[in-house]
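Following: one structure in structure tokens, then a few remarks.
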Amino acid sequence: MNLSTAQASRRVKEVGIKKIGGSTKGMLIMQFLSESFILSFISLIIALIYIKITLPYFNNLLGTNLFLNLLANWYAIPFLILLCLFVGLLAGSYPAFFLSSFTPYEILKGKVKNGRQNCWLRRILVVVQFTVSILLIIGTIIMYRQIKYMLNKDIGFNKEQLIVINRADALGTKVSSFRDAVKAIPGVINIASSTGVPGRNNNKFSYTMEGRKDETFMMQTNWVDKNYLETYGITIASGRPFNQSFSTDQQACLINESAVKEFGITDLAKTRFMSPRESKNKTLIPVIGVVKDFCFESMRNKIGPYILCFKTDEMMGDYLTVKLSSKAFSTTIKDIENEWKEFIPNNPLQYYFVDEDFEKMYIQEKQNAQMAVIFSILAIFIASLGLFGLTSFTVEQRTKEIGVRKAMGSSVTGIYIAISRETIILVSVSALLAWPIIYYIAGKWLENFYYRINPGVFSFIAGLSITLGIAILTISYRVLRAARVNPAQSLKYE
């Protein structure tokens with residue numbers, strides 16, 4: 001609409017001549033709508049080609065397997081045709097009625113104002129478009145800040161240079177021997193056996209506590225060996241870690257700070273849980289230490305109570321975690337694979353990196369952020385086209401004013417500021433409309449994460465600044481070109 005009406009003054013004489021030649025308003029409306037329909041149809045063809053080309057990238061981005069087949073459903077082609085007609089009607093209706101409304105008398109007398117009094121519609125369109133653009137830009141900034149926060153936040157343990165071997169229970173009674181063999185590899189710093197690892201915990205049991213038998217305490221449970229804390233770099237907050245020198249430690253446990261706070265534990269030495277594994281004659285498990293909280297799940301969730309029980313070599317474990325040195329990763333992993341083949345020849349080694357596994361937890365957020373960037377670029381591009389149309393229309397209307405200003409001694413800078421003032425106002429209005437909306441939407445989205453950022457003022461100012469900068473760049477060429485025109489030509493305009 002904005003681009004079409006911006007060019008209206010160049011087609012005024014065409015409308016006047018056709019009306020004098022006998023064309024009716026209806027015929028002119030059909031002409032301009034037909035032009036809009038043709039442009040919409042051409043756009044549809046280009047869009048389908050563009051989709052065909054970019055679909056593999058889109059599938060890779062979202063991990064989907066979409067394909068373009070217009071013949072798969074009978075309604076696909078009719079729907080696209082109706083969509084094409086709807087877009088053509090929506091985009092071409094106002095320019096068609098606007099251009100066809102001129103009377104031959106007004107055109108021949110040069111009294112056509114080119115709808116300046118109706119410029120409010122074009123301004124509304126620009127404001128709406130830039131409101132959407134600012135919403136997407138600010139939303140994208142907040143999403144990337146939250147993702148960066150989750151990936152860089154101190155999660156309570158060191159996830160770098162760790163690989164986890166799946167299905168370690170396949171080793172059976174050979175776990176201890178395999179662990180010693182891997183520990184002897186030069187590139188291995190440490191190795192630990194456990195029934196769970198951060199991001200893969202699946203044991204949650206209900207415990208009772210000595211002296212508080214009427215209460216139950218749900219805790220994520222992990223049976224770990226003596227090397228587990230050192231391998232993961234988990235810190236002891238109070239008490240002591242497991243010590244193989246103490247035979248009683250095999251019936252002891254460690255809990256995290258969240259368990260201490262949530263269960264109201266005040267005296268660690270007198271705290272003993274009752275084992276959930278036995279229905280009769282439940283074993284008392286004394287607490288010998290408290291570990292600092294660490295993220296054993298996604299940061300969407302609050303860190304809950306966690307208990308670490310001692311795992312003996314006889315107990316089956318699902319995972320082996322290997323801490324590698326920073327050098328010769330591939331060589332060390334190859335050596336581990338060779339050792340695995342020595343122990344289990346017909347069972348391939350399955351492993352993953354802990355840091356990569358944690359990043360996969362937020363793959364959906366990353367995909368959403370990447371999609372938001374794409375849509376932000378598209379929204380800004382379309383909004384910039386609309387703004388260019390509005391600016392072109394404004395320059396057309398103010399050509400004589402620009403000539404008078406230059407004749408009276410106004411500089412190019414002064415004229416540029418006078419004309420671009422409207423753009424700055426429109427973008428500012430868009431920001432005022434977008435800010436409360438995106439503040440509400442971002443707040444709701446961030447509620448999905450227990451550990452989250454504060455949207456802050458920066459994101460909102462950055463969104464406005466980016467949009468304003470793009471808007472200024474969009475209009476600069478058109479405005480500066482008009483401001484540099486010789487005043488004599490401007491005053492003779494029309």
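Data overview
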{"item": "Only one of Ile466, Ile475, Ile453, Ile419 that is buried (at least 19 other Cβ atoms within 10 Å of the Cβ), touching a helix residue (DSSP H, G or I) at 6+ places or on another chain (Cβ under 6 Å) and within 19 Å of Ile137 (Cβ to Cβ)", "result": "Ile475"}
{"item": "Helices (runs of 4 or more DSSP H) wholly inside the range 392-494 containing at least 1 residues that are charged (D, E, K, R) and within 19 Å of Val128 (Cβ to Cβ)", "result": "412-446"}
{"item": "Selection from the range 239-258 of residues that are surrounded by fewer than 18 Cβ atoms within 10 Å (Cβ to Cβ), in a helix (DSSP H, G or I) and either without any contact (Cβ under 8 Å) to a residue 40 or more places away in the chain or hydrophobic (A, V, I, L, M, F, W, C) (or both)", "result": "Ser247, Thr248"}
{"item": "In the range 259-277, residue surrounded by the fewest Cβ atoms within 10 Å (Cβ to Cβ) [restricted to those that are over 42 Å from the mean Cα position of the chain (by Cα) and in a helix (DSSP H, G or I)]", "result": "Ala269"}
{"item": "Which listed residue is in contact (Cβ under 8 Å) with a residue 60 or more places away in the chain, over 16 Å from Gly139 (Cβ atoms) and of a type outside the set (A, V, I, L, M), from Gly403, Gly409", "result": "Gly403"}
{"item": "Residue among Ala47, Ala91 that is hydrophobic (A, V, I, L, M, F, W, C), outside the structural domain of Arg122 (by TED's automatic domain parsing) and either loosely packed, with under 11 Cβ neighbours inside 10 Å or at pLDDT below 90 (or both)", "result": "Ala91"}
{"item": "Residues of the range 292-332 classified as within 24 Å of Glu359 (Cβ to Cβ) and buried (at least 19 other Cβ atoms within 10 Å of the Cβ), total", "result": "15"}
{"item": "Enumeration of residues in the range 151-199 that are in a strand (DSSP E or B) and among the β-branched types (Val, Ile, Thr)", "result": "Ile163, Val164, Ile165, Val188, Ile189, Ile191"}
{"item": "Test: Thr391 is of a type in the set (S, T, N, Q), crowded, with 20+ Cβ neighbours inside 10 Å, within 22 Å of the chain's Cα centre (by Cα) and assigned by TED's automatic domain parsing to the domain that holds Ser133", "result": "no"}
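Residues are listed down the side, and each one gets a yes or a no for (1) of a type in the set (S, T, N, Q); (2) touching a residue at least 60 places away in the same chain (Cβ under 8 Å); (3) surrounded by 11 or more Cβ atoms within 10 Å (Cβ to Cβ); (4) in contact with a strand residue (DSSP E or B) (Cβ under 8 Å, 6 or more places away or on another chain):
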residue: Leu55; (1), (2), (3), (4): no, no, yes, no
residue: Asn60; (1), (2), (3), (4): yes, no, no, no
residue: Gly63; (1), (2), (3), (4): no, yes, no, no
residue: Asn69; (1), (2), (3), (4): yes, no, no, no
residue: Ala72; (1), (2), (3), (4): no, no, no, no
residue: Leu80; (1), (2), (3), (4): no, no, yes, no
residue: Phe97; (1), (2), (3), (4): no, yes, yes, no
residue: Phe102; (1), (2), (3), (4): no, yes, yes, no
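The values are calculated or read from the model by the stated rules, or taken from the named source; none is laboratory data. These numbers were taken from a predicted model, which means no experiment stands behind them. Because the Cβ atoms are built from the backbone with ideal geometry, glycine has one as well, and the counts that use them run over all protein chains shown.
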